[in-house]
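Enquirer: Here it is: the structure, laid out below.
The values are calculated or read from the model by the stated rules, or taken from the named source; none is laboratory data. Being a predicted model, the structure only gives us computed values, none of them experimental. All Cβ positions, glycine included, derive from the backbone under ideal geometry; neighbour counts span all protein chains shown.
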Amino acid sequence: MVKPRNVEDYRSLAAKRLPRMVFDYLEGGAESERGLRRNLAAFENISFEPWRLLDVSQRDTSIEMFGRRQQMPLVIAPTGLNGALWPDGDVLLARAAASAGIPFALSTASNATIEDVADRAGGDLWFQLYIVQRTLAETLTRRALSAGYKTLMLTVDVAVNGKRERDMRNGFAIPFRYSPGAVLDGALHPDWLLRQLRHGLPQLANFVGAGENDVNAQAALMNRQMDASFAWDDLKALRDSWPHTLIVKGLLRAEDAERCVQLGVDGVVISNHGARQLEDVAAPIEKLAEFAARIDRPVLIDSGFRRGADVVKALALGARAVLLGRATLYGLAALGEEGATDVLRILRQEIDTTLALIGCAHAADLNPAFIQNGGMAGSQTRDIRSRSTVEAERPRTEPDRLMARP
């Protein structure tokens, strides 16, 4: 096998190893998938404007977020049914994140329990919460708190399930349905099939043994039948009950982010759910500059990130970090923990190279001055900034950084 050189190489390997039904679950988007294409294309409209003659001989990709230092401006995003890609997928992704010095967010729809991931992986663990049933959500939150999770991420963009036509055609569900086509597809992918049979087919582990309603809750989660009545007052109650960092994920309006901050939320994630819910919405990167200008809490972002250069673009436009969904899942699906770890290594190298080539030695120093036109998408004229503004945004040399420190 030729050594993968980028995320797309891992995507190709994942497509070969997984049955069509499982790869479509990983890869697919809502309806005609225009949103998927928009997420990727949006990065092409953003260009760097590098600074020159600066000392970039030593680069630092680390950032500080929520009072904790991490080695890269990345988070492994919460994704469901990772065990369908590789047995123990949640634990393996969490271990890859811990090794890379970045957080891992465990999905409500995980195939490993909250406690199992904490015991077997460690690291900076976040728990992502879907509100399927109110009492169940309270139970899951208490379990995460007891297991030592310091960050709770509430996903708010799944009031109902998006129309994912690939999954509908394939009849994708957990537990797997043994149609003749699914059986044949599995048989044609023996490595995947044997691993699944050896370890047991995945289930929604956090719901097993949750009580007499656990089967109904699993079905509701698989069909994204969430509690669509969850609203602002409920978010306030969650903020009051959770004692640590609280993040709201799934926002595309800066006004909503401002209201979250007013309620005491610690950070927000601009997201269109990887274009898996509603296809005709903006790519999150297109909304980033507005969010960053309007709120004073960490802004995170996801959807469509495949290159380290795109991560750097996001940081320059005001993001504190980028959540990785499909990128690390491609690595997991191809080679397990080794693949996920290698994807993170590739992205770190690409981030480091991009920092050097744009004249920024420290990821924490990125700002709009590194982006052509200050990141104003669609602008036909060069952004005219005063000399004092440009100098204020100019990346600092190491002596400048030392003098600026308290």
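Enquirer: Being exposed (fewer than 15 other Cβ atoms within 10 Å of the Cβ) and more than 15 Å from residue 370 (Cα to Cα) is the filter here; which residues of the stretch 41-61 pass it?
Expert: 41, 44, 55, 57, 58, 60 - these are the residues of the stretch 41-61 that are exposed (fewer than 15 other Cβ atoms within 10 Å of the Cβ) and more than 15 Å from residue 370 (Cα to Cα).
Enquirer: If residue 327 passes every condition in (1) crowded, with 24+ Cβ neighbours inside 10 Å; (2) in contact with a Gly (Cβ under 9 Å, 6 or more places away or on another chain) but one, which one does it miss?
Expert: Exception for residue 327: condition (2).
Enquirer: Test of understanding: among 99, 107, which residue is hydroxyl-bearing (Ser, Thr, Tyr), in contact (Cβ under 8 Å) with a residue 60 or more places away in the chain and farther than 23 Å from residue 236 by Cβ?
Expert: After applying the criteria, what remains is 99.
Enquirer: Further question: For the stretch 169-188, which residues satisfy the criterion of being part of a loop (DSSP other than H, G, I, E, B), within 21 Å of residue 111 (Cα to Cα), in contact with a Pro (Cβ under 9 Å, 6 or more places away or on another chain) and at pLDDT 85 or above?
Expert: Correct list: empty.
Enquirer: Within the group 361, 292, which residue is more than 30 Å from residue 84 (Cβ to Cβ), touching a Lys or Arg at 6+ places or on another chain (Cβ under 6 Å) and small (Gly, Ala, Ser)?
Expert: 361
Enquirer: Could you figure out which of (1) surrounded by 17 or more Cβ atoms within 10 Å (Cβ to Cβ); (2) small (Gly, Ala, Ser); (3) modelled with pLDDT of 95 or more isn't true of residue 241?
Expert: (1)
Enquirer: Could you tell me how many of the residues in the stretch 307-341 are of a type outside the set (A, V, I, L, M) and either in contact with a Leu (Cβ under 7 Å, 6 or more places away or on another chain) or on the phi > 0 side of the Ramachandran plot (or both)?
Expert: 8
Enquirer: Further question: Could we say that residue 116 is surrounded by fewer than 23 Cβ atoms within 10 Å (Cβ to Cβ), acidic (Asp, Glu) and more than 20 Å from residue 248 (Cβ to Cβ) here?
Expert: Criteria met by residue 116.
Enquirer: Cβ-Cβ below 8 Å, separation at least six or inter-chain, first residue in the stretch 325-345 and within 17 Å of residue 307 (Cα to Cα) and in contact (Cβ under 8 Å) with a residue 60 or more places away in the chain, second part of a helix (DSSP H, G or I) and of a type in the set (Lys, Arg): which pairs?
Expert: Within 8 Å, the pairs are 326/11; 330/11.
Enquirer: Still on this model: Please go through the stretch 140-167 and pick out each residue that is among the β-branched types (Val, Ile, Thr) and at pLDDT 95 or above.
Expert: Within the stretch 140-167, 141, 151, 155, 156 meet the criteria.
Enquirer: Can you pull out the helices (runs of 4 or more DSSP H) entirely within the stretch 30-126 that have at least 2 residues that are under 24 Å from residue 194 (Cβ atoms)?
Expert: Output list reads 89-100, 114-120.
Enquirer: Right, another one. Can you tell me which residues in the stretch 1-11 are farther than 20 Å from residue 276 by Cα and either surrounded by 22 or more Cβ atoms within 10 Å (Cβ to Cβ) or not hydrophobic (A, V, I, L, M, F, W, C) (or both)?
Expert: Correct list: 3, 4, 5, 6, 9, 10.
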